[in-house]
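Contents: one structure, followed by commentary.
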Amino acid sequence: MNSPDYEYLRKLLKERSGLDLSADKQYLIESRLLPLARKAGLPGIPELVQKLQGGSSVLITSVVEAMTTNETFFFRDKVPFDHFRDTIMPEVLKARAGRRSVRIWCAAGSTGQEPYSLAMTLKEMGAALTGWRVEIIATDLSQEVLEKAKAGVYSQFEVQRGLPIQMLMKHFKQTGETWQINPELRAMIQHRQLNLLQDFSHLGTFDVIFCRNVLIYFDQETKINIFNRLARQIEPDGFLVLGAAETVVGLTDTFRPLADRRGLYRPNDPRAAAAKPAADGVAAPRVAAMAGR
């Protein structure tokens, strides 16, 4: 792959997905796009670039999806789900006792392990949620991974990664060599395709937002943009959950970290970001809701 082709692909991916590749990631593009090129009947990356430059929207979508990361597993990193059970939900149940409803957004739901982990955690709360309306919205850039999430069918390998055996037996049904999560839990989650730099105000406001292991792929300006807009979608007493390698510190004052609660944040003044100038807007590139949840 020559330098002009690599620079073209870097720019395309940044504009379409927000993925910010450094100058030394040619090997990554080659390893992920060469199989795609051959599947499309093309001998290599240069010919793939020619097709992309010709404006093939289907191929552009395939390239973006091939380059986004979809690493995820049940109860990944464990700590965020402990926070959800022990800190977040007790606070939410107390604060929302009047309306008896809670809205949760998984902003990079990938193949479904994260939102289903939250759904199982809620089910384990039992009678505490009787009479409550619980809504979980799971979004992702890739329609392909969303279809897998909707089906809720996982291999033996996938259910062995992070999922306690008692939850597997309680919430899944085995069919041959695969496991499908129970219809009751699948019904708790709405799966929607969404790119994080597109306007997501139509989703409404949330009590809890999980946006884990997504922002690490983006440059600082893009991270600030997303934080400021997330602040407009979260209740004043809501919770934001980030990945272990992510932070708001030094980027925005719209959220503050909770002491002794790694990855857990609360809004300072979530409506303040609405007054910021158009630089925080959604005019230009699309950012991939890439999974690494």
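The values are calculated or read from the model by the stated rules, or taken from the named source; none is laboratory data. Everything numeric in this text was worked out from a predicted model, so none of it was measured. Here the Cβ is made from the backbone with ideal geometry for all residues, glycine too, and neighbour counts use every protein chain on show. Ligands, DNA and RNA are stripped out before the accessible areas are found, and what is left, the full protein with its side chains, is counted by its heavy atoms. Shrake-Rupley method; radii C 1.70, N 1.55, O 1.52, S 1.80 Å.
Annotations for the structure displayed:
- q = 0.14, 0.18, 0.19 Å⁻¹: log10 I(q)/I(0) that the Debye formula gives for the stretch 82-210, counting C-alpha atoms only: -0.64, -1.03, -1.12
- Check: the chain dipole with +1 on Lys, Arg Cβ and -1 on Asp, Glu Cβ, in debye: 660 debye
- Pair Asn2, Ala151: separation of 7 Å Cα→Cβ label points (nm): 4.2 nm
- Straight Cα distances below 17 angstrom link Lys173 to the lysines Lys123, Lys148, Lys150, with same-chain residues fewer than 8 positions distant left out.
- Accessible surface area normalised per residue over the stretch 108-247 is 39 Å², counting heavy atoms of protein chains with a 1.4 Å rolling probe.
- Going by accessible surface with a 1.4 Å probe and the largest first, Ser101, Ser110 read Ser101, Ser110.
- The relative contact order of the stretch 160-247 comes to 28 percent, based on Cα pairs under 8 Å that sit 6 or more residues apart.
- Taking all protein chains together and a 1.4 Å probe, the residues Glu246, Glu144 rank Glu144, Glu246 from largest to smallest accessible area.
- Overall form of the stretch 1-49 per C-alpha gyration tensor (a/c, 1.5; a/b vs b/c): prolate
- Magnitude of the charge dipole, the stretch 6-81, Cβ model with Lys/Arg +1 and Asp/Glu -1, debye to 20: 140 debye
- Between helix 3-17 and the chain there is an angle of about 30 degrees, using the helix long axis and the longest principal axis of the Cα atoms.
- If only the Cβ of Lys and Arg carry +1 and only the Cβ of Asp and Glu carry -1, the dipole of the stretch 125-223 around its Cα centre is close to 380 debye.
- With all pairs of separate Cα atoms included, the stretch 106-172 yields a Kirkwood hydrodynamic radius of 13.0 Å.
- When the alpha carbon coordinates of the stretch 183-259 are projected onto the principal axes, the ranges are 42, 28, 23 Å, largest first.
- Note on His83: accessible area approximately 20 square angstrom, rounded to 10, probe 1.4 Å, nucleic acids and ligands left out.
- Euclidean distance of C-alpha centroids, the stretch 110-155 and the stretch 170-240, integer Å: 10 Å
- Length-normalised contact order for the stretch 1-111 - Cα pairs under 8 Å, 6+ apart - percent: 22 percent
- Reachable lysines from Lys25, criterion Cα separation under 23 angstrom, eight or more residues apart if same chain: Lys11, Lys14, Lys39, Lys51, Lys223
- Solvent-free Debye scattering, log10 I(q)/I(0), computed from the Cα coordinates of the stretch 1-93 at q = 0.20 Å⁻¹: -0.90
- With only Cα atoms counted, the chain has Rg and Dmax values of 19.9, 62 Å.
- Value of relative contact order over the chain, rounded to a whole percent, pairs C-alpha under 8 Å and six or more apart: 23 percent
- Spatial separation of Cα centroids for the stretch 39-80 and the stretch 1-21, in angstrom: 12 Å
- Cα long-axis angle, helix 113-124 against the chain (0 to 90 degrees, to the nearest 10): 10 degrees
- Per-residue SASA entry for Thr175, accessible area with 1.4 Å probe, Å² rounded to 10: 90 Å²
- Label separation (Asn182 vs Gln50): 5.7 nm, computed from points 7 Å beyond Cα along the C-beta direction.
- Charge dipole (the chain, unit charges on Cβ, about Cα centre) - positive-most of Trp179, Ala127, Asn195: Ala127
- Spatially proximal aspartates and glutamates relative to Lys170 (Cα-Cα < 18 Å; intrachain offsets below 8 disregarded): Glu114, Glu124, Glu158, Glu184
- Computed from Cα positions, the angle between helix 57-67 and the longest principal axis of the chain comes to roughly 70 degrees.
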